[in-house]
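Notes follow the structure.
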Amino acid sequence: MRMAVVGGGPGGLFASTLAKAGDPRRHVTVFERNRAEDTFGFGVVFSDATLEGIHAADPVLRSALAEHGVHWDPIEVRLRGERFLCHGNGMAAVERRTLLRLMQERAVEAGVEVRFSTEVDPEGLLAAGYDLVVAADGANSQLRDRFADAFSPATETATAKFIWLGTTYPFTSLTFVHERGPHGVFAVHGYPIGSGVSTFIVETDEQSWRAAGLDEFDVTQPPGPSDERSRAYLQELFAEQIGGHPLLVNNSRWGNFRTRRVQRWRHRVGDTAIALLGDAAHTAHFSVGSGTKMAMEDAAALVAALDEHPDDVDAALAAYETVRQPQVAKIQSSARPSLSWWEHFGRSHDSLPPWQFAYHFFTRSLPESKLRRRDDGFVTAVHGRWWQAHGAEPLDSPIEVAGRRRTGRSVVVSDGTAHLPGGPLPLLPRAAGDDRAWALAVGAPDTEEGLPAALEVLAKGVAAGAALVAVSGGTPLTRRLLCEAARLEHGAVSLLIEEVDHGRAEDVAVTAVLSGRTDLVGVPVKVAP
């Protein structure tokens, strides 16, 4: 087999090394547009739970982490002078530059031909007679875009802004730092990567970004120059949090995260098969899915399929697609609510006490039951803080609705009515001249594109005097976002009507109430004729 790999990042290098080591008869060539010593970004991070398959395929990452990396267990959240640790999140990180150097050496050692500073033209590459071309050329893949009709790529652009920096401040674990400055809210993902350097990723909303005057750097210029004005602004903003340490730049500039998907991961042009790998096929927000980790997992699955079907490339690529597509879809599904958290964290930052904000953060893409398995002590402590504030467990706590004190946060919803303890509230607009309290029913949209219209209905209903906003339909994410808007932005009592099986209902309800995402949780019940 003659195999070409376009892109000399971790995914491309790992695929080429595994392919050559698995069958020395394969002729494997890597084409990388940059020089061997070029690298953008600072560090890459891996969770312990995801490393097993990569380690089993080849020891290069294990060696890099053992000899040059940093390992930790807790995740830390900092807000308004308080710090919260959640354990059970074993992770490791290493400098991207170090990892690339070791992977380059490992590829050459295995017999791979690596050509640096080499631009490739898709048409010329296909004419060269390769049996397989692996497109590992990143989120802006030329090969994927050249055959867009076959791969059917799609992109979703987040509203949050982010910039990738470094610092000499010695973070000891993955740490999330939140600050409200004079122009808005900013948050940091910081973690150590070795050699006295930590990664320092900053996220903010567009309004804060523009108010701070950070929108003047020309992001259309070629990679290389960094946004020095933003570096100086953020260094001052977070000076106390990082002990006055400097921020470092490396092609550091603001961007909007883009979630990429393709319908197909493989294509054939004449005698040459094409497979997509890593960011060329998919991206997931870095708060959940490490792009490097996902690309290396792709590489391991691709070469395993080639080894299983040594004489049938098409069968191998079909198997690769069958294995990896659902795995990546699951990661992207978890990443969306996490990414959404960064788009809206300003309202929870300002409205929730620090202990609840931390719980809100840790449950952004998982329920309490899973969080408790990671760190029972953290969850128990949060329940203790709730009890101090409310005198009961979350679902048993009293709340005032429509001027009446109600006991309990679970609500039966049937026949267009919320059956609250102490009396029902119809989920219908009140008639003209009717001064009785009423509840507004808002239908959540099936996609986030429909949220502006639903938010407008919500705002008008609260302004008209609705005592309760009940949200149903849509998706778990759109329901949650509407409830948060009702509660945290408009000061209304919110009722989240969930549609979950009985076994998960209490877990979902406790998580939603304790996190401050809603005040009440309802489950629809069919009324007998």
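The values are calculated or read from the model by the stated rules, or taken from the named source; none is laboratory data. On a predicted model such as this, the values are computed, not experimentally measured, just so you know. With ideal geometry, Cβ positions are generated from the backbone for all residues, glycine too; neighbour counts draw on all protein chains shown.
Among the residues that make up region 438-452, is at least one of them of a type in the set (D, E, K, R), in a helix (DSSP H, G or I), modelled with pLDDT of 95 or more and surrounded by fewer than 12 Cβ atoms within 10 Å (Cβ to Cβ)?
Among the residues of region 438-452, not one is of a type in the set (D, E, K, R), in a helix (DSSP H, G or I), modelled with pLDDT of 95 or more and surrounded by fewer than 12 Cβ atoms within 10 Å (Cβ to Cβ), which makes the answer no.
Which residues, counting only those in region 111-145, are charged (D, E, K, R) and at pLDDT below 95?
GLU119, ASP121, GLU123
Inside region 47-99, can you point out the residues that are touching a residue at least 24 places away in the same chain (Cβ under 8 Å) and charged (D, E, K, R)?
Residues satisfying the conditions are ASP48, ASP58, ASP73, GLU76, ARG78, ARG80, GLU82, GLU95, ARG96, ARG97.
Mind checking which residues of region 112-134 are within 13 Å of VAL269 (Cα to Cα), assigned to a loop (DSSP other than H, G, I, E, B) and of a type in the set (D, E, K, R)?
ASP131
Considering only residues that are within 30 Å of GLN325 (Cα to Cα) and assigned to a loop (DSSP other than H, G, I, E, B), which ones fall in region 212-265?
If the condition is that a residue be within 30 Å of GLN325 (Cα to Cα) and assigned to a loop (DSSP other than H, G, I, E, B), then TRP254, GLN263, ARG264, TRP265 are the ones that fit.
Return the residues of region 267-287 that are of a type in the set (Asp, Glu) and either modelled with pLDDT under 95 or under 15 Å from LEU125 (Cα atoms) (or both); say none if nothing qualifies. Don't jump to the end; show me each part of the working.
Taking region 267-287 and keeping what is of a type in the set (Asp, Glu), we get 271, 279.
Of everything in region 267-287, just one residue is of a type in the set (Asp, Glu) and either modelled with pLDDT under 95 or under 15 Å from LEU125 (Cα atoms) (or both), namely ASP271.
Can you say whether ASP350 is of a type in the set (Asp, Glu) and without any contact (Cβ under 8 Å) to a residue 60 or more places away in the chain, as far as the supplied structure shows?
no
Looking at the structure I just gave you, is ALA127 surrounded by fewer than 16 Cβ atoms within 10 Å (Cβ to Cβ), of a type outside the set (S, T, N, Q) and farther than 30 Å from ALA239 by Cβ?
Numbers: surrounded by fewer than 16 Cβ atoms within 10 Å (Cβ to Cβ): yes; of a type outside the set (S, T, N, Q): yes; farther than 30 Å from ALA239 by Cβ: yes.
It is true that ALA127 is surrounded by fewer than 16 Cβ atoms within 10 Å (Cβ to Cβ), of a type outside the set (S, T, N, Q) and farther than 30 Å from ALA239 by Cβ.
Quick one: what pairs do we get from region 312-340, first residue free of Cβ contacts under 8 Å to residues at least 12 places away in the same chain and surrounded by fewer than 21 Cβ atoms within 10 Å (Cβ to Cβ), second outside any helix (DSSP H, G or I) and of a type outside the set (Lys, Arg), C-beta under 7 Å, 6+ apart or different chains?
ALA315/HIS309
Looking at the structure I just gave you, is VAL493 over 13 Å from ALA402 (Cβ atoms) and either surrounded by 15 or more Cβ atoms within 10 Å (Cβ to Cβ) or of a type outside the set (Asp, Glu) (or both)? Outline the logic, then answer.
Working: over 13 Å from ALA402 (Cβ atoms): no; either surrounded by 15 or more Cβ atoms within 10 Å (Cβ to Cβ) or of a type outside the set (Asp, Glu) (or both): yes.
Spelling it out, it is not the case that VAL493 is over 13 Å from ALA402 (Cβ atoms) and either surrounded by 15 or more Cβ atoms within 10 Å (Cβ to Cβ) or of a type outside the set (Asp, Glu) (or both).
Within region 34-84, work out how many residues are among the β-branched types (Val, Ile, Thr) and assigned to a loop (DSSP other than H, G, I, E, B).
The qualifying residues number 1.
From the list ALA154, ALA107, ALA92, which one is in the same structural domain as LEU13 (by TED's automatic domain parsing), at pLDDT 95 or above and part of a strand (DSSP E or B)?
ALA154
When you go through TRP209, TRP164 one by one, which is the residue that is buried (at least 20 other Cβ atoms within 10 Å of the Cβ) and in a strand (DSSP E or B)? Before you say what the answer is, go through the steps one by one.
On the way: TRP209 fails: in a strand (DSSP E or B).
Criteria check complete, one pass: TRP164.
For region 496-523, what are the residues that are in a helix (DSSP H, G or I) and either under 24 Å from the mean Cα position of the chain (by Cα) or buried (at least 23 other Cβ atoms within 10 Å of the Cβ) (or both)?
First pass over region 496-523, keeping only residues in a helix (DSSP H, G or I): 502-514.
Answer for region 496-523, where residues must be in a helix (DSSP H, G or I) and either under 24 Å from the mean Cα position of the chain (by Cα) or buried (at least 23 other Cβ atoms within 10 Å of the Cβ) (or both): ARG504, ASP507, VAL508, ALA509, VAL510, THR511, ALA512, VAL513, LEU514.
Which of the following residues is more than 30 Å from GLY224 (Cβ to Cβ) and either touching a His at 6+ places or on another chain (Cβ under 9 Å) or outside the structural domain of SER198 (by TED's automatic domain parsing) (or both): ASP58, ASP73? It would help to see each step written out before you state the result.
Working: ASP58 fails: either touching a His at 6+ places or on another chain (Cβ under 9 Å) or outside the structural domain of SER198 (by TED's automatic domain parsing) (or both).
Only one candidate qualifies: ASP73.
What is the residue count in region 100-110 for residues that are surrounded by fewer than 15 Cβ atoms within 10 Å (Cβ to Cβ) and either in contact (Cβ under 8 Å) with a residue 60 or more places away in the chain or in contact with a helix residue (DSSP H, G or I) (Cβ under 6 Å, 6 or more places away or on another chain) (or both)?
Final tally of qualifying residues: 0.
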